[in-house]
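Asker: The structure follows.
The values are calculated or read from the model by the stated rules, or taken from the named source; none is laboratory data. These numbers come from a predicted model, not from an experiment. With ideal geometry, Cβ positions are generated from the backbone for all residues, glycine too; neighbour counts draw on all protein chains shown.
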Amino acid sequence: MKRDEFAELRSRMVELAEGRTPLRLMEVCGTHTVSFFRSGVKSLLPEGVELVSGPGCPVCVTSQGYLDAACQAAARPDTVICTYGDMVRVPGTTGSLESLRGQGARIRVVFSARDALNHAAENPQDQVVFLAVGFETTSPGTAATLLEARARGVKNFFVLPAHKRIMPAMIALLSAKKSSIDAFVLPGHVSIILGLAPYEPIARDFGKACVVTGFEPEQLAHGVLRLLELLAEGRAAIENVYGVAVRPEGNPVARALVEQVFEPCDAEWRALGSIPDSGLALRPAFAAFDAFAALDLTEGPNVEPDGCRCGEVIQGLISPVDCALFGRGCSPRLPVGPCMVSSEGTCAAWYKYGKQRRP
Amino acid sequence: MCLAVPGKVVKLHGGKDADPVTRTASVDFHGSQVDVSLAMVPEAELGSWVLVHAGYAISLIDIDEARKTWEWLEAADLVEDMPEELRKATPDETPTKEQKA
């Protein structure tokens with residue numbers, strides 16, 4: 001974005017925000033957290049307009065108990081864990097998957113659930129467990145992989161389900177007494193799948209404006225500007241500035257895949273507790289792929305490490321710098337909580353890009 | 001990671017009768033070809049630009065948007081090089097499929 005465009009945008013934002021501050025805009029996508037920092041748009045915001053991060057990083061909201069179950073599976077000599085990279089260093093109650101590597105556990109980073117399935121097909125002597133973590137952008141891929149596993153008759157492939165749905169979490173945040181969110185920046189890629197209709201309750205029932213934006217600097221600035229315009233008009237609407245990729249109807253083929261394989265269930269979010277209908281469970285027809293059952297794994301309790309305030313961070317209640325551990329005992333190299341481990345965790349983003357590094 | 005990377009469909013695998021859910025293609029990302037599932041984009045054809053997330057194409061995308069996305073990914077140190085075709089493409093280039101807002 002050119003300098004004069006930047007300046008013009010800023011003055012428009014200042015104008016729109018005049019007399020209406022403080023305003024708290026929440027984004028719920030880990031990639032947005034990082035992009036807002038990197039693009040400089042975060043620093044473009046006028047005085048009194050705050051951009052806070054919500055629970056947009058699926059790794060960060062994965063419960064400790066799930067990590068413990070994954071570690072149980074990893075400890076078995078006949079089992080290979082296939083996972084997205086971010087999960088490897090998240091600490092459970094007794095250690096991370098990475099720490100188990102040192103004890104001989106086989107942890108394989110994959111880019112796709114399909115890679116995990118292919119590994120299983122090529123290695124029938126292994127039990128392959130795929131850690132199915134992610135929001136709506138990712139769950140269709142897991143669903144498609146399970147359909148393919150069934151079609152190919154692969155018997156040694158399992159998933160440990162932890163997929164989540166973003167809308168129930170947003171509703172839970174809005175319903176909480178301490179909620180002070182004025183508007184939402186909606187995730188770009190989740191919205192490619194969902195379209196716009198699923199977000200309507202936010203406008204209709206809570207009177208909040210939402211704008212779907214992409215990830216380039218122009219997009220981010222445009223999205224925030226549009227939100228400020230809607231706030232100035234007092235209009236609660238769901239809009240989309242990422243029309244080149246997000247269609248109003250979303251991707252119905254992707255949603256149909258999820259519908260075939262999964263059904264909504266209550267799910268435990270790290271530090272947020274149980275949120276109704278916020279998770280995806282395998283339908284009975286796919287129960288044979290459930291690693292919990294097949295490997296007799298138990299989900300442990302959620303126990304937050306002492307001093308860790310990730311829960312308040314992911315609700316947008318505090319900034320990472322408000323946590324006493326930030327930069328003092330908790331850093332990307334030695335993370336205490338998940339917000340610092342994931343490259344898209346709020347704390348990791350602040351640590352890497354924020355001006356206030358250490359209090 | 002919500003990251004989705006734009007690439008071009010350069011080879012379709014399987015015949016026309018292949019089950020759409022198992023349809024895959026070679027998708028070119030800055031010179032490297034990766035096997036990608038087209039299960040979610042039955043409308044993708046040879047030459048289509050797609051957004052790929054975790055091994056699955058989730059959407060078609062036009063060439064201009066693909067270029068902007070690459071620029072951002074490059075600036076964010078997430079990819080090494082923009083594909084040759086994007087560097088050469090001008091705004092007049094007809095996209096394979098137009099996304100309407």
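Asker: Just checking, does region A:11-19 include any residue being closer than 30 Å to A:K164 by Cβ, among the hydrophobic types (A, V, I, L, M, F, W, C) and either part of a helix (DSSP H, G or I) or in contact (Cβ under 8 Å) with a residue 24 or more places away in the chain (or both)?
Answerer: The answer is no; no qualifying residue exists.
Asker: Can you tell me which residue is farthest from B:V21 (Cα to Cα) among those in region A:242-267 that are touching a strand residue (DSSP E or B) at 6+ places or on another chain (Cβ under 6 Å) and within 11 Å of chain B (Cβ to nearest Cβ)?
Answerer: A:Y242
Asker: Could you list, in sequence order, all residues of region A:147-171 that are buried (at least 24 other Cβ atoms within 10 Å of the Cβ), within 14 Å of another protein chain (Cβ to nearest Cβ) and either in a helix (DSSP H, G or I) or acidic (D, E) (or both)?
Answerer: The answer is A:A149, A:I166.
Asker: Mind counting the residues in region A:218-236 that are surrounded by fewer than 24 Cβ atoms within 10 Å (Cβ to Cβ) and more than 14 Å from chain B (Cβ to nearest Cβ)?
Answerer: Number of matching residues: 9.
Asker: Separate question: Restricting to region A:172-182, give me the number of residues that are among the polar types (S, T, N, Q) and either facing chain B (nearest Cβ under 10 Å) or under 17 Å from A:S274 (Cα atoms) (or both).
Answerer: Residues that pass the stated criteria total 1.
Asker: Search region A:22-40 for residues being over 21 Å from A:S191 (Cα atoms) and modelled with pLDDT of 90 or more, and hand back the single one that is surrounded by the fewest Cβ atoms within 10 Å (Cβ to Cβ).
Answerer: Within region A:22-40, the match that is surrounded by the fewest Cβ atoms within 10 Å (Cβ to Cβ) is A:P22.
Asker: Among what's in region B:4-43 and is in contact (Cβ under 8 Å) with a residue 24 or more places away in the chain and in a loop (DSSP other than H, G, I, E, B), pick the residue that is nearest to A:L257 (Cα to Cα).
Answerer: Once the filter is applied, the top-ranked residue is B:L38.
Asker: Quick one: would you say A:F215 is aromatic (F, W, Y), within 14 Å of chain B (Cβ to nearest Cβ) and either within 18 Å of the chain's Cα centre (by Cα) or surrounded by 15 or more Cβ atoms within 10 Å (Cβ to Cβ) (or both)?
Answerer: Spelling it out, A:F215 is indeed aromatic (F, W, Y), within 14 Å of chain B (Cβ to nearest Cβ) and either within 18 Å of the chain's Cα centre (by Cα) or surrounded by 15 or more Cβ atoms within 10 Å (Cβ to Cβ) (or both).
Asker: Is it the case that some residue within region B:3-19 is within 8 Å of chain A (Cβ to nearest Cβ) and touching a Pro at 6+ places or on another chain (Cβ under 6 Å)?
Answerer: No, there is no match, as no residue in region B:3-19 is within 8 Å of chain A (Cβ to nearest Cβ) and touching a Pro at 6+ places or on another chain (Cβ under 6 Å).
Asker: Another question, if that's okay. I'd like to know if region A:190-201 contains one or more residues that are of a type in the set (A, V, I, L, M) and away from chain B (no Cβ under 14 Å).
Answerer: Scanning region A:190-201, I find at least one residue that is of a type in the set (A, V, I, L, M) and away from chain B (no Cβ under 14 Å), so the answer is yes.
Asker: Take the residues of region A:109-129 that are assigned to a loop (DSSP other than H, G, I, E, B) and within 9 Å of chain B (Cβ to nearest Cβ): which is nearest to A:E98 (Cα to Cα)?
Answerer: Out of the qualifying residues, it is A:V110.
Asker: Go through region A:268-298 and count every residue that is among the acidic types (D, E) and either in a helix (DSSP H, G or I) or modelled with pLDDT under 95 (or both).
Answerer: Keep residues of region A:268-298 that are among the acidic types (D, E), which gives A:268, A:277, A:290, A:296.
Now restrict to residues that are either in a helix (DSSP H, G or I) or modelled with pLDDT under 95 (or both): A:268.
Residues meeting the conditions: 1.
Asker: Select from region A:299-322 the residues that are assigned to a loop (DSSP other than H, G, I, E, B), closer than 17 Å to A:A172 by Cα and of a type in the set (G, A, S) and list them in ascending order.
Answerer: If the condition is that a residue be assigned to a loop (DSSP other than H, G, I, E, B), closer than 17 Å to A:A172 by Cα and of a type in the set (G, A, S), then A:G316 is the only one that fits.
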